[in-house]
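First up is the structure itself, then whatever we jot down about it.
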Amino acid sequence: MEAGGADKFSVLLPTYNERENLPLVVWLLARTFRESGNNFEIIIIDDGSPDGTQEIAEQLEKLYGSDKIVMREIISVLFSSGTAYIHGMKHATGNFIVIMDADLSHHVSLYFIKQKEGNFDIVSGTRYKGNGGVYGWDLKRKLISRGANFITQVLLRPGASDLTGSFRLYRKEVLQKLMEKCVSKGYVFQMEMIVRARQLGYTIGEVPISFVDRVYGESKLGGNEIVSFLKGLLTLFATT
Amino acid sequence: MTKLGQWLCGLALLGSAWAALALAPPGLRLPAPYRQALLPLPIYLLVVFGCYSLATVGYRLATFNDCEQAAAELQEHISAARADLRQRGLCF
């Protein structure tokens, strides 16, 4: 197994008010990549955060070098994950793109990068298989999660066990192709990517991940979220 | 074809097969016991599917991993990160 070789990983981090978490995420990523010997860059796409996220990002850029940390700001009313990724990809120089949240909910793991060696087009983190899982979830939240996932599996038969996780690795060309085809917003967009990827015949590998509930701040899962999830699911059901 | 399309086709196929056999238009009559058994089949299948769903979701809920270790590790990593970054001059 070659150690990295010509591969370079571009990590896209869309941020909004992540002043506390951003340095920690960057530090963890940098350490993980250094230990694995892989070439990397981290692209921070900030949506005009008022809390000083950008200042921290600039400090990190000085600390790690601007070949490793790239800060791009977009101020857009239409900021969604999709917009952020499109923007981020324009600046990405790697041949693999890692997409993850900047809120430390995904336990950054070396394993994830290694799984790429199965030569998959996409590697997706899953909370539902192997020793993947969650921390800090009460029974109600787990039930909703499993229930929603079950409905998704029945309706969409996506070939991946976890569609709403957003910790993924893509080959750059694959991501570009998928971005052209996908039209949804928010996390439904993440689901659509996997469904379309299957249709286009891309290979998808899965790696168990630990989803640790927001270290700072609260995650909400109210009635609104459930309704919009169902709407998104039914839209995908009818259009893909 | 979309997933919805696949479902509609599948349901149309099964539905017409069931209608043909169970509702028995003249010319395609099965013996009465068979017809009587086939008649409530859709409801039975729905109930079976409902039970399967409950059982599956229940099982998956029960086996949903709690990552105590990962959470603890993460806290350690966070402390190490803060210490290192502070040492290197980052102003939190």
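The values are calculated or read from the model by the stated rules, or taken from the named source; none is laboratory data. These figures come from a predicted structure and were not determined experimentally. Because the Cβ atoms are built from the backbone with ideal geometry, glycine has one as well, and the counts that use them run over all protein chains shown. Quick note on the areas: whole protein, heavy atoms, side chains included, nothing else; ligands and nucleic acids left out. Shrake-Rupley method; radii C 1.70, N 1.55, O 1.52, S 1.80 Å.
Worth pointing out:
- Filter result for B:ALA80 (facing another protein chain (nearest Cβ under 9 Å) and either outside any helix (DSSP H, G or I) or exposed (fewer than 15 other Cβ atoms within 10 Å of the Cβ) (or both)): yes
- Selected residue (criterion: farthest from the other protein chains (Cβ to nearest Cβ)) from residues of the range B:40-54 that are free of Cβ contacts under 8 Å to residues at least 24 places away in the same chain and not aliphatic (A, V, I, L, M): B:PRO40
- Matching entry among B:ALA20, B:ALA37, B:ALA71 (being surrounded by 10 or more Cβ atoms within 10 Å (Cβ to Cβ) and under 30 Å from A:LEU28 (Cα atoms)): B:ALA71
- Test: residue in the range A:210-229 that is under 15 Å from the mean Cα position of the chain (by Cα), charged (D, E, K, R) and away from chain B (no Cβ under 12 Å): no
- Filtering B:GLY89, B:GLY5 for residues that are within 11 Å of another protein chain (Cβ to nearest Cβ) and on the phi > 0 side of the Ramachandran plot leaves a single hit, B:GLY89.
- Top-ranked residue of the range A:148-183 - restricted to ones that are open to solvent by less than 30 Å² (accessible area, probe 1.4 Å) and of a type in the set (S, T, N, Q), ranked as modelled with the lowest pLDDT: A:SER166
- Among the conditions (1) modelled with pLDDT of 75 or more; (2) open to solvent by 60 Å² or more (accessible area, probe 1.4 Å); (3) over 18 Å from the mean Cα position of the chain (by Cα), A:VAL77 misses just one, which is (1).
- All positions within the range B:55-68 that are facing another protein chain (nearest Cβ under 7 Å), open to solvent by 50 Å² or more (accessible area, probe 1.4 Å) and assigned to a loop (DSSP other than H, G, I, E, B): B:ASN65
- Checking each residue in the range A:92-128 for being modelled with pLDDT of 85 or more, in a loop (DSSP other than H, G, I, E, B) and of a type outside the set (A, V, I, L, M, F, W, C) picks out A:THR93, A:GLY94, A:ASN95, A:ASP121, A:ARG127, A:TYR128.
- Residue match in the range A:157-167 (condition: facing chain B (nearest Cβ under 9 Å) and among the hydrophobic types (A, V, I, L, M, F, W, C)): no
- When B:ILE43 is tested against the conditions (1) more than 30 Å from A:VAL154 (Cβ to Cβ); (2) surrounded by fewer than 12 Cβ atoms within 10 Å (Cβ to Cβ), the lone failure is (1).
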